[in-house]
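Heads up, the thing below is written out as structure tokens.
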Amino acid sequence: MTKYIFFTFFIFQVSFLNAQEVKPFQFYNQKGKTVKFDKMIKDLANYEVVFIGEHHNNSINHWLQLRITKALFEQKNGQLTLGAEMFERDNQTQLNDYLSGKLNEKILKDSMRLWNNYETDYRPLVDFAKERNLKFIATNIPRRYASIVAKKGLDSLNTVTEKEKAWMMQLPVEVTLDTPGYPEMKEMMGDHAGPTVMNFIAAQAVKDATMAESIFKNLEKGKLFIHYNGDYHSKQYGGTVWYLKKLNPELKIAVISVFESEDDALPLPTEDFIPTEYNLVIPADMTKTY
């Protein structure tokens, strides 16, 4: 009788766990079909540029960035270049010196404008590049210039010095609501932004255009460029992707977009959804890094 009760309890527990099955992430391809990690890696290795979008404070998102990078390093026999929104062009020398061993981590932290979550979320990527002797490109415009544009408009950049212009995209830069994502930004800001709304969009544009130019200038034949950025900069092929395609429409570009879901099954969104090559869905209650 005791054995029967134990067996019945065991079956109940297994059934309960199956009914409550949870998973930390799910990848989908552009057709909305689930895809295995290894198959995705083999496909991504055929591209020239891969954008890995992120929700900046999502721990599983950052873990997957590192796992994808390591897997592509193996798949491409080390033929990778890395780059990120989180590092600004005028800090490239310090980043290079750290990668080459000329700077230690403390001096790097003191000499660069590192994000608050650098230690947990971006240092693993930088250290992987250091260990594998990979280039890591600081792709973004220095934030002070984007701030100037947000306050005074795009024409304010015409007053910067020639040295400073080297830290941003080539001027003039096209700013248009034809860029995917920008009309959404305008709508989100609403009427309260008034006539300055285009200044804020221009500030976003100078970031996107600078990152695109940074990627373009650092492409090498046979090498895959992996770029890490907030999902907004690459989703729906807008932002940085849009500007990079302007520079070279023939580039083979893949985008990994990111979504959060409160459903344990981690389905794709059903509304306002434009799929990219790969689409990552993460639990909305995943641990946040800040």
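For a quick check of your reading of the model, give me the residue pairs whose first member lies in segment 187-203 and is loosely packed, with under 10 Cβ neighbours inside 10 Å, whose second is at pLDDT 90 or above, with beta-carbon atoms closer than 9 Å and at least 6 apart or on different chains.
Gly190/Val197; Asp191/Val197
Out of everything in segment 17-58 that is of a type in the set (A, V, I, L, M), at pLDDT 95 or above and outside any loop (DSSP other than H, G, I, E, B), what residue ends up being surrounded by the most Cβ atoms within 10 Å (Cβ to Cβ)?
Step one: of segment 17-58, the residues of a type in the set (A, V, I, L, M) are 17, 19, 22, 35, 40-41, 44-45, 49-50, 52.
Now drop any that are not at pLDDT 95 or above, which leaves 35, 40-41, 44-45, 49-50, 52.
The next check asks that each one be outside any loop (DSSP other than H, G, I, E, B); those that pass are 40-41, 44, 49-50, 52.
Values: Met40: 20, Ile41: 17, Leu44: 21, Val49: 23, Val50: 24, Ile52: 26.
Step by step, filter segment 17-58, then rank; the result is Ile52.
Out of Lys70, Lys102, report the one residue that is without any contact (Cβ under 8 Å) to a residue 24 or more places away in the chain and either among the basic types (Lys, Arg) or part of a loop (DSSP other than H, G, I, E, B) (or both).
Sole residue among the options that is without any contact (Cβ under 8 Å) to a residue 24 or more places away in the chain and either among the basic types (Lys, Arg) or part of a loop (DSSP other than H, G, I, E, B) (or both): Lys102.
Return the residues of segment 278-290 that are surrounded by fewer than 18 Cβ atoms within 10 Å (Cβ to Cβ) and not hydroxyl-bearing (Ser, Thr, Tyr); say none if nothing qualifies. Spell out how you get there, then give the answer.
First pass over segment 278-290, keeping only residues surrounded by fewer than 18 Cβ atoms within 10 Å (Cβ to Cβ): 284-290.
Once the filter is applied, which keeps residues that are surrounded by fewer than 18 Cβ atoms within 10 Å (Cβ to Cβ) and not hydroxyl-bearing (Ser, Thr, Tyr), segment 278-290 yields Ala284, Asp285, Met286, Lys288.
Would segment 249-261 turn up any residue that is of a type in the set (Lys, Arg), at pLDDT 95 or above and in a helix (DSSP H, G or I)? Steps first, please.
Taking segment 249-261 and keeping what is of a type in the set (Lys, Arg), we get 252.
Subsequent filtering for residues that are at pLDDT 95 or above retains 252.
If we keep only those that are in a helix (DSSP H, G or I) as well, we get none.
No; the residues of segment 249-261 include none that is of a type in the set (Lys, Arg), at pLDDT 95 or above and in a helix (DSSP H, G or I).
In the set Lys217, Lys245, Lys223, which member is in contact (Cβ under 8 Å) with a residue 60 or more places away in the chain and on the phi < 0 side of the Ramachandran plot? Reasoning before the result, please.
Values: Lys217 fails: in contact (Cβ under 8 Å) with a residue 60 or more places away in the chain; Lys245 fails: in contact (Cβ under 8 Å) with a residue 60 or more places away in the chain.
Matching residue, one of Lys217, Lys245, Lys223: Lys223.
Looking at segment 140-161, is at least one residue part of a strand (DSSP E or B), aliphatic (A, V, I, L, M), within 18 Å of the chain's Cα centre (by Cα) and modelled with pLDDT of 95 or more? Lay out the reasoning, then the answer.
From segment 140-161, those part of a strand (DSSP E or B) are 140; that's our starting set.
Those left that are additionally aliphatic (A, V, I, L, M): none.
Scanning segment 140-161 turns up no residue that is part of a strand (DSSP E or B), aliphatic (A, V, I, L, M), within 18 Å of the chain's Cα centre (by Cα) and modelled with pLDDT of 95 or more.
Name the one entry in Leu157, Leu125, Leu114 that is touching a helix residue (DSSP H, G or I) at 6+ places or on another chain (Cβ under 7 Å), surrounded by 15 or more Cβ atoms within 10 Å (Cβ to Cβ) and more than 21 Å from Ala205 (Cβ to Cβ).
Details: Leu157 fails: more than 21 Å from Ala205 (Cβ to Cβ); Leu114 fails: touching a helix residue (DSSP H, G or I) at 6+ places or on another chain (Cβ under 7 Å).
Only one candidate passes the filter, namely Leu125.
Considering each residue of segment 73-90, count those that are part of a helix (DSSP H, G or I) and in contact with a Pro (Cβ under 8 Å, 6 or more places away or on another chain), and give that number. Before you say what the answer is, go through the steps one by one.
First, pick out the residues of segment 73-90 that are part of a helix (DSSP H, G or I): 73-75, 89-90.
Next, only the ones that are in contact with a Pro (Cβ under 8 Å, 6 or more places away or on another chain) stay: 89-90.
Qualifying residue count, segment 73-90: 2.
Does segment 131-148 hold any residues that are loosely packed, with under 15 Cβ neighbours inside 10 Å and without any contact (Cβ under 8 Å) to a residue 40 or more places away in the chain, and which are they?
Quick first cut of segment 131-148, residues loosely packed, with under 15 Cβ neighbours inside 10 Å only: 131-133, 143-144, 147.
Selection gives Glu131, Asn133, Arg144.
Do you know which residues across segment 165-176 are surrounded by 15 or more Cβ atoms within 10 Å (Cβ to Cβ) and either among the aromatic types (Phe, Trp, Tyr) or part of a helix (DSSP H, G or I) (or both)? I'd like the intermediate steps shown before the answer.
Let us first name the residues in segment 165-176 that are surrounded by 15 or more Cβ atoms within 10 Å (Cβ to Cβ), namely 167-169, 173, 175.
Residue satisfying the conditions is Trp167 alone.
The values are calculated or read from the model by the stated rules, or taken from the named source; none is laboratory data. As the structure is a prediction and not an experimental result, all values here were calculated from the model. With ideal geometry, Cβ positions are generated from the backbone for all residues, glycine too; neighbour counts draw on all protein chains shown.
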